[in-house]
1. More than 19 Å apart: what percent of Cα pairs in the range 9-80 qualify?
2. What number comes out for accessible area per residue over the chain if the probe is 1.4 Å? Units Å², please.
3. So who's got an amide H within less than 5 Å of the one on Ile28, skipping anything under 5 residues away but keeping other chains? H placed 1.01 Å off N, in plane.
4. Search the structure for amide H atoms under 5 Å from the amide H of Arg168, placed 1.01 Å from N in the peptide plane, and list their residues when 5 or more places away or on another chain.
5. What does the charge count near Val52 come to, summing +1 for each Lys or Arg and -1 for each Asp or Glu among other residues with Cβ under 14 Å from its Cβ?
6. So for the chain, what are the equivalent ellipsoid semi-axes in whole Å, largest first, each being the square root of 5 times an eigenvalue of the Cα gyration tensor?
7. Accessible area of Val31, 1.4 Å probe, to the nearest 10 Å²?
8. Can you tell me, using C-alpha contacts under 8 Å and at least 6 residues apart, the relative contact order of the chain as a whole percent?
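The values are calculated or read from the model by the stated rules, or taken from the named source; none is laboratory data. For clarity, every value in this text was computed on a predicted model and none was experimentally measured. Here the Cβ is made from the backbone with ideal geometry for all residues, glycine too, and neighbour counts use every protein chain on show. Note: areas computed on protein heavy atoms with side chains; ligands, DNA, RNA excluded. Shrake-Rupley method; radii C 1.70, N 1.55, O 1.52, S 1.80 Å.
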Amino acid sequence: MTIRVLLADDQAIVRTGMAMILAAEDDIEVVAQAADGVEAVQQTESHRPDVVLMDIRMPRLNGIEALRHLHRPGTAHTPAVVMVTTFDDDEYVHQALHHGACGFLLKDAGPRLLAEAVRSAASGEALISPSITVRLLRQFARPAAAAAPAPPSPLSRRETEVAVLVSRGHTNTEVAAALHISAGTVKTHLTNIQAKLGLRNRVEIAAWAWESGLAR
């Protein structure tokens, strides 16, 4: 199955570079490009991509607002959105997570990581770069002395183990290997965790693990 991708970035050279890299992949097709958030929303509605690589800082409508629009209730088509970020974009991380972003990618990511980000997002395994995402998610960790006691977790012991490993940037395959279970069982646990906690994706699971103190 071919993964349909939309590239949204106000820098033409960045879009061109990403498009060239992804064009070399047999299972990925760039179906549209956008130079700002308004165009990203319009192109998404027209082309219905599986994955949107969305720059955070864009004119007319920034990536956060475009993300909110794409994930608003009642939307006919909701793609997986990976935010394209730089290390000085931390102020936007909380907003992006709360509005349904499923991962983060550095603008200077190499070809392998770019393709991996697209495939991971398409499969729901979008926590794709521990060096980026775990660092950002640490912001959710409450200082032990100041934090109020967390409410009792509704998760089972095994679900808690899965959530903690996800919060540290592990893929489903790595979680399965660490816990000596199948990747299919990991997916089942993730589905159960999302249902119990009212979360939308694995990045929100990771954020919850940091917020609750489990990830520490």
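1. Summing the P(r) tail past 19 Å for the range 9-80 gives 31 percent.
2. Details: 10040 Å² over 216 residues.
Here the per-residue accessible area is 46 Å².
3. It is Ile3, by chain and number.
4. none
5. Values: positive: Arg4, Arg15, Arg48, Arg68; negative: Asp9, Glu29, Asp36, Glu39, Glu45, Asp50, Asp55, Glu65.
Overall, the nearby charge balance is -4.
6. Working from the Cα gyration tensor, I get semi-axes of 29, 19, 16 Å.
7. Result for Val31: roughly 30 Å² accessible.
8. Relative contact order of the chain: 16 percent.
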